[in-house]
Amino acid sequence: MANTNPKKSALHEIPGIASPESVSAVAANTIQSFRKKTPTPTELVQGILAGNITALSRAITLVESTNPKHLSQANEVINSCLSHVKESVRIGITGVPGVGKSTFIEAFGKHLTSLGRKVAVLAVDPSSTISHGSILGDKTRMEELVKDKNAFIRPSASGETLGGVARKTRETITLCEAFGFDTIIIETVGVGQSETAVHSMVDFFLLLKIAGAGDELQGIKRGIMEMADAIVINKADGDNIRKSNLAKVEFNRALHLFPTKKSGWTPTTTTCSAITKEGIPAIWETILSYIGTTQANQYFFEKRAAQNQYWMLETINEYLKNHFYNHPEIVPLLEKNKEAVAQNALSPFAAAQVILDTYFKK
């Protein structure tokens, strides 16, 4: 009789277990169905108010778009969100490259979310003047904060003009506040012109410094120091603690040289370590103290009203500039006169006058 159950070789293959799906089919279908069509401004607003982070991201992309067709849609989204804006604290953070802004923001943001606050980080990344690209690597540096369900990180390229990205950042604040974020942190590209723009859209301006980098004397100079509501000496850990404390004394002396602020607030200097988290809670307490002081004397509300007026004027300026440089009759005339100026056939001032006369006549 034939053997119907022959012994299997020791090398035979045992049926395995199918690998689980790496992506939830339900979540994937939801995302795909949302991406198949371009949402209307109304749908974006509904998504933002419902707490849909994808809708918020797409609305911000719409606001940042340079496509003229998207301008009216972006304005519709912004205007619809204005009546739903919730109270928030807007914090600007700046400092020289290498001061540890991203590491500090992650430690600071994690402290805020541990207190139950919802944090949005708007990071402005510098664009290359050669390739016009940006790395947008802030989310990579903040690997812990980016996984926090109560935090949202949005890096944006600075583009060709700081004014343009500043206006978009200002509008993004409105979207984030309508979404429900009660703390907005804006990280600047570094010490420079961008600080003035960011200072004009935040309640509290924090300047990060490091000790032992030879910038104490620079810090005593006017400019960025006058805008700061607090100076924080970062990286105050290990062998750097003593240097940080000395720098704190130097900056405190410098702050007393400046006239009293309209806010009635006296800027403070403190030290912290974004690595050990030492000093991070005290910084938040300082910000709360500032908010309490300025709200009590009404400066907080007066400043926000003045900022709104400022951004109205800045928007007009930017619109006029874009309209001028994109005018169909100005574009060829501009190129023609640039060539004439390059060949010394026409002075720059005369060429500019010719172009402007043509534009205003049109």
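The values are calculated or read from the model by the stated rules, or taken from the named source; none is laboratory data. These numbers come from a predicted model, not from an experiment. Glycine gets a Cβ as well: all are built from the backbone with ideal geometry, and neighbour counts include every protein chain shown. Just so you know, the surface numbers come from the protein's heavy atoms only, side chains and all, with ligands and any DNA or RNA stripped out. Shrake-Rupley method; radii C 1.70, N 1.55, O 1.52, S 1.80 Å.
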Inset, instruction - Would you mention how many residues in segment 247-280 are of a type outside the set (G, A, S) and more than 19 Å from A228 (Cβ to Cβ)? - result: 4
Inset, instruction - Note down all Cβ pairs under 7 Å where the first residue falls in segment 98-111 and is within 16 Å of T270 (Cβ to Cβ), the second is of a type in the set (K, R) and open to solvent by less than 10 Å² (accessible area, probe 1.4 Å), and they're at least six residues apart or on different chains. - result: none
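Here's the yes/no breakdown for (1) more than 15 Å from the chain's Cα centre (by Cα); (2) hydrophobic (A, V, I, L, M, F, W, C):
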residue: H70; (1), (2): yes, no
residue: H84; (1), (2): yes, no
residue: I91; (1), (2): no, yes
residue: V96; (1), (2): yes, yes
residue: I105; (1), (2): no, yes
residue: G116; (1), (2): yes, no
residue: L122; (1), (2): no, yes
Legend entry - Condition broken by R222, with the remaining ones in (1) at pLDDT 90 or above; (2) in a loop (DSSP other than H, G, I, E, B); (3) surrounded by fewer than 19 Cβ atoms within 10 Å (Cβ to Cβ) satisfied: (1)
Legend entry - Qualifying residue in segment 303-324 (condition: over 21 Å from N79 (Cβ atoms), buried (at least 17 other Cβ atoms within 10 Å of the Cβ) and over 22 Å from the mean Cα position of the chain (by Cα)): no
Inset, instruction - Find the residue count for segment 332-344, including only residues that are of a type outside the set (D, E, K, R) and surrounded by fewer than 12 Cβ atoms within 10 Å (Cβ to Cβ). - result: 4
Legend entry - Residue list for segment 239-269, filter: of a type in the set (G, A, S) and under 28 Å from Q298 (Cα atoms): A254, S263, G264
Inset, instruction - Have a look at A55, A74, A59 and point out the one that is more than 27 Å from N322 (Cα to Cα), part of a helix (DSSP H, G or I), among the hydrophobic types (A, V, I, L, M, F, W, C) and open to solvent by less than 50 Å² (accessible area, probe 1.4 Å). - result: A55
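A quick yes/no check of all residues on (1) outside any helix (DSSP H, G or I); (2) modelled with pLDDT of 90 or more; (3) surrounded by 16 or more Cβ atoms within 10 Å (Cβ to Cβ); (4) of a type in the set (K, R):
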residue	(1), (2), (3), (4)
R90	yes, yes, yes, yes
A107	no, yes, yes, no
A120	yes, yes, yes, no
S128	yes, no, no, no
Inset, instruction - Please find, among T94, T42, the residue that is β-branched (V, I, T) and farther than 29 Å from F300 by Cβ. - result: T42
Inset, instruction - Hey, can you tell me all the residues within segment 253-285 that are within 23 Å of the chain's Cα centre (by Cα), surrounded by fewer than 18 Cβ atoms within 10 Å (Cβ to Cβ) and in contact (Cβ under 8 Å) with a residue 40 or more places away in the chain? - result: I275, K277, P281, W284
